[in-house]
Amino acid sequence: MIKVFLSIVTKELLDFLRSWGLVVLVLYSFTLDVYIAGGGMQIEPRNVSVGYVDYTGGGISQKILSHLHEPEFLTPKMFLSQRELSKAIFNKEIMVGIIFDQEFEKNYRNKKEATIDVLLDATAASQSFTTLSYLQNIVLNFSKLNIPIDIDIHKLFNPNSDEHSFMALSELLSVITMLSILLPAIVFVREKEEGTWDIMLLMPINPKITILAKSFSQVIIIVAGVMITVGLVLFNGFNLPMNGSFLAFLLLTFFYAFTSAGIGLFIASVSKSMMQTAQLSMLIMMPLIFLSGAWTPVYAMHPILEKLSLLSPLRYYIEGCESIFFRGTDFVDLWHYFAGVLILGSILYWYGFRKIGKLF
Amino acid sequence: MANLNVNSVTVIYKGNRIGIKDASFKAEEGEIVGFIGADGTGKSSLMHAISGIIKFKGEISFGKYVYHSPKEAEKVKKYIGFMPQGLGLILYDRLTVEEHLDFFANVRNIKMDKNFKTYKQKLLHMAGLSRFTEREAEHLSGGMRQKLSLICTLIHRPRLLLLDEPTTGVDPLSRLELWEILDNIRKEEGTIIIVSTAYMQEASKMDRLLLFDDNRIMASGTSKQLTDSVRNYVYKKTPCKDTDCLELHNVTYSLKPLNSEHKDPTLEDIFFINALKNRKKLTEISVSKRERRLEIPPIVMEAKGLTKKFGDFVADDKIDMELKRNEILGLFGANGAGKTTFIKMLLGLYPIDEGELTLLSQPIRSGRDRRKLKSKIGYVSQHFALYKNMSVRENLIYFASIHQIPASEALRRIERYGKELGFSDYLDAMPKDLPLGINQRFSIAAAIIHEPVVLFLDEPTSGIDVIARHQFWQLLKLLKEQWGISILITTHYMSEAEYCDRVVLLKEGKKIADDTVENFYKKHPEASNFEEIFLEYYREAN
Ligand SMILES: Nc1ncnc2c1ncn2[C@@H]1O[C@H](COP(=O)(O)OP(=O)(O)OP(=O)(O)O)[C@@H](O)[C@H]1O
Ligand SMILES: [Mg+2]
């Protein structure tokens, strides 16, 4: 029986490795996707044309403008009135317009709220919004230090590692959820689509073994992917701290992958094509992620949703992982996260298992 | 006048694989041109080129349009109807029969007027689908899907009709009706029809035949001209040991004159003589004894009143059937008669609604009863489905390991089957790169790797060329002799009834005849072949 189990696992892994489309998707999700989500890759502005109107008579305003230099920005161009500047933006001569009003310098010196008006050409969305964040950072530094400054802004703008590693981790957990639902579902639906389903049914094997082996093979892929992300992207790219036990994290991931695999099995049992599988996965995944607190913190939810979120296995997984990485909680103190994942996981997996088992 | 002129067309695929080389021919308005030839000799490639969906070298003109590339062909596409090879590839599983016709009419911008409605009814009738207009495509039988694709292709009354093996898996009665329709279309509308086929009786109905071999057009002419060209090589069965000779079960071919009586040549003979001329030795098929001895009961399968319903529709109606040890039983019947459904009930792929089933002396009541028997049963489905991402060898290793055959033994068996069934050269190829005939033998190898006692084969010979089919039956015969295996097989080649020990005829879900082939002939002394007998049953019951 063990041998049969292993041959099915081997076959599925082989099948996976040869479906290069799937391999690319999985590799992308576990590396670049997490990296980008964590802000590791920014779209750097290049040669952004800046225009300004300065009603203050120079000083701080010029200091700020001096930080907009090549290669990111062209030398800022002066305009005499706001009208002219708007026109230039409209004609696409200028992408970002900055207006220093008469009160600006005064307010700034008096430590009052000093405001700069910024006009953006929003059609070049990414460039202009990144420029905006540059500007915000520049201005932020001015207001913090309150002295004529000469610091390398670009360094200051570097990712604040804590916040970014947090974002990358959340993205990873979502990726795990998506793939561990999708992959096991695909394994079964592919058999339906390619017409090998009947052959599978006619194998002289206990269907339970088939289902278990097939889902196990996909869990292996997920766990391998997670190791890649954590080792390559999170530790190297974002200096994610590892305050707890890596083993605990792997174990929790393993159980969680089975939990989502249960959902995958359910999806596979009701869908006939890849298209349906993809749609259904999205449909089920969204509330799951939403309720988990990955997007809105749980404490900020409506009380009913907050209660409901207890039903999302992802919630326990996320909180468990955060505890492991950031807080370094001891293995024994993680028990309620494990319990949450295990209890919900057993129910979901059992249900999916039954559902798909009925087709055998 | 819209004539077709194909001028030295060459198709080359990735990796310098030649599809078709230097093909030239002309066709006039209203002409039916047949493409015949073994699998993989370039018939489909040429059709794809003419229909303007793949790149080619050379020139094609249709009427006043001349084209050298798919792009230039855009302007003729509205006159072309092309039906690719394969069971219902152009269909959408979730659309009903009626929705399909309307969909294809909409795509082609056809006015839904009275004319259209009459034509639609006529097509539906021809395809035998009038009763099933509300049925979704995924619930149609294999042959019904094929016929639906065909009438979808005809719906816009193309001026140039390209049909790639349209009658694969289509029953004899429908084939006759199809030919009537094609004949009408070309007479009424002057359509040029190009058809490839593996049924040689059909080929003889065409105005002109192009014989493909080695990815070229080797010969062209009427069916009579082609058969006459080989007349001298065809003899009544005589022993002959020469290398220039080939001896089959009722005929002998020889390139050198033999001192024996000639036989009237048929189109099928051309294929064997071609192989002989090209010194392409037919792979010698052999089967050695079972590796494990087995006790087999005298009755392998016994069905009593098996019934299957889909909603109100009764697909199989109280069918009794018996399969004996060491017997080849042919299951014949028109499309949708319930053959596949019956086999699927035997296999447990569909639950049995009524009736009793006994397999290998074991009454089947639950999934558990079946599980024990699965290792004694082999099955090849209507679509030869195997795992695409694994090579032939890997597929077979996988099947063997699932059947718990030790690895060393499995490898040895795979080598042996490769040699005996003649696919050794393809062991490391991927299933999609195999010629159909090889694919089918390899599917059989997968189905017998565990040395089963009984084999269920659903249209294993559909779409396969004459020689491959001949070799396939040789294989079945050997399996029967060497292993004492029992085989239940469905087919739409009526001539294959001759290879069966017994034949069961199904019609609209009911069994209408069950006898040995000899007895069938005895009861119908006027019939000269099994097709006539079959048609008689179907007509007389109407
Ligand atoms: N799942 C289903 N739901 C509804 N009807 C079905 C279903 N499966 C098959 N049928 C119908 O049952 C009938 C018998 O189908 P079956 O596939 O057994 O025919 P067949 O004899 O194998 O035909 P062919 O020679 O074309 O393969 C057909 O009318 C078909 O449309
Ligand atoms: Mg069928």
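List of remarks:
- For the segment B:379-390, counting C-beta atoms of other chains within 10 Å of every residue's C-beta and taking the mean gives 5.
- Considering only B:50, B:11, B:27, and ranking their Cα positions along the charge dipole of segment B:1-73 that arises from unit charges at the beta-carbon of Lys, Arg, Asp and Glu, the one farthest toward the positive end is B:11.
- Chain A: angle of helix A:161-194 to the longest principal axis, Cα-based, in degrees nearest 10: 40 degrees
- Structure-based [θ]222 nm, chain A - -39500 (n - 2.57) summed over DSSP H runs of at least 4, per residue, nearest 500: -20000 deg cm²/dmol
- For chain B, the dipole from Cβ point charges (+1 on Lys and Arg, -1 on Asp and Glu) about the Cα centre works out to 1180 debye, to the nearest 20.
- Inter-label distance, nm, simple model (7 Å from Cα along the C-beta direction), residue B:522/residue B:325: 2.5 nm
- Relative contact order (percent, whole number), chain B, Cα cutoff 8 Å, 6+ residue spacing: 14 percent
- FRET E, pair residue A:137, residue A:306, Förster distance 30 Å, beta-carbon r, rounded to 0.05: 0.30
- Neighbour counts of other Cβ atoms within 10 Å put A:164, B:383, A:302, A:69 in the fewest-to-most order A:302, A:69, B:383, A:164.
- Cα convex hull, chain B: 163 Å³ per residue, rounded to a whole number.
- Convex hull of segment B:301-445 built on C-alpha atoms - directionally averaged projected area, nm²: 10.3 nm²
- Applying Stokes-Einstein at 25 °C and 0.890 mPa s to the Kirkwood radius of segment B:4-221, computed over alpha-carbon pairs, gives a translational diffusion coefficient of 139 µm² s⁻¹.
- Theoretical ellipticity at 222 nm over chain B - DSSP helices of four or more residues, -39500 (n - 2.57) apiece, nearest 500: -10000 deg cm²/dmol
- More than 16 Å apart - percent of Cα-Cα pairs taken over segment B:223-277: 29 percent
- Exercise: per-residue mean of other protein chain Cβ atoms within 10 Å, A:189-202: 5
- Partner chain coverage, peptide B:399-405 - average Cβ within 10 angstrom: 5
- Candidate lysines for bridging to residue B:14, where Cα separation is under 24 Å - those fewer than 8 sequence places away on the same chain excluded: B:43, B:55, B:57, B:71, B:388, B:432
- Ranking B:85, A:284, B:109 by Cα position along the charge dipole of the protein assembly as shown, where only Lys, Arg, Asp and Glu carry charges on their C-beta atoms, puts B:85 farthest toward the positive end.
- Counted charge near residue A:341, where neighbours are those whose Cβ lies closer than 11 Å (Asp, Glu -1; Lys, Arg +1): 0
- Between residue B:241 and residue A:18, the modelled labels are 4.5 nm apart [label points 7 Å from Cα along Cα→Cβ].
- Relative contact order (%) - segment B:337-423, alpha-carbon pairs under 8 angstrom, separation at least six: 12 percent
- Cβ crowding within 10 Å ranks B:246, A:305 as A:305, B:246, fewest other Cβ atoms first.
- Ordering of B:255-261, A:50-56 by packing is A:50-56, B:255-261, highest average first (other Cβ atoms within 10 Å, averaged per residue).
- For the protein assembly as shown, the Cβ-based charge dipole about the Cα centre amounts to some 920 debye (Lys, Arg positive; Asp, Glu negative; other atoms uncharged).
- Between 0 and 90°, nearest 10: helix A:246-270 axis offset from chain A longest Cα axis: 70 degrees
- Set against the 2.2 N^0.38 Å expectation for a compact globular protein, the protein assembly as shown has a Cα radius of gyration ratio of 1.22.
- Alpha-carbon Rg/Rh ratio, for chain A, with Rh computed the Kirkwood way: 1.12
- Contact order relative to length of chain A, as percent, for alpha carbon pairs under 8 angstrom and 6 or more apart: 19 percent
- Cβ charges +1 (Lys, Arg) and -1 (Asp, Glu), total dipole of segment B:1-92, debye: 380 debye
- Near-label residues of segment A:190-223 by backbone N, under 11 Å of a point 7 Å along Cα→Cβ of residue B:371: A:204-210
- Inter-centroid distance (Cα atoms) of segment B:35-65 relative to segment B:286-362, Å: 43 Å
- A:23, A:298, A:341 arranged by Cβ crowding within 10 Å, fewest neighbours leading: A:23, A:298, A:341
Each value in this text was obtained by applying a stated rule to the coordinates, not by laboratory testing. Everything quoted here is computed from the prediction, not taken from an experiment. In this analysis, Cβ positions are derived from the backbone assuming ideal geometry, glycine residues included, and neighbour counts consider all displayed protein chains.
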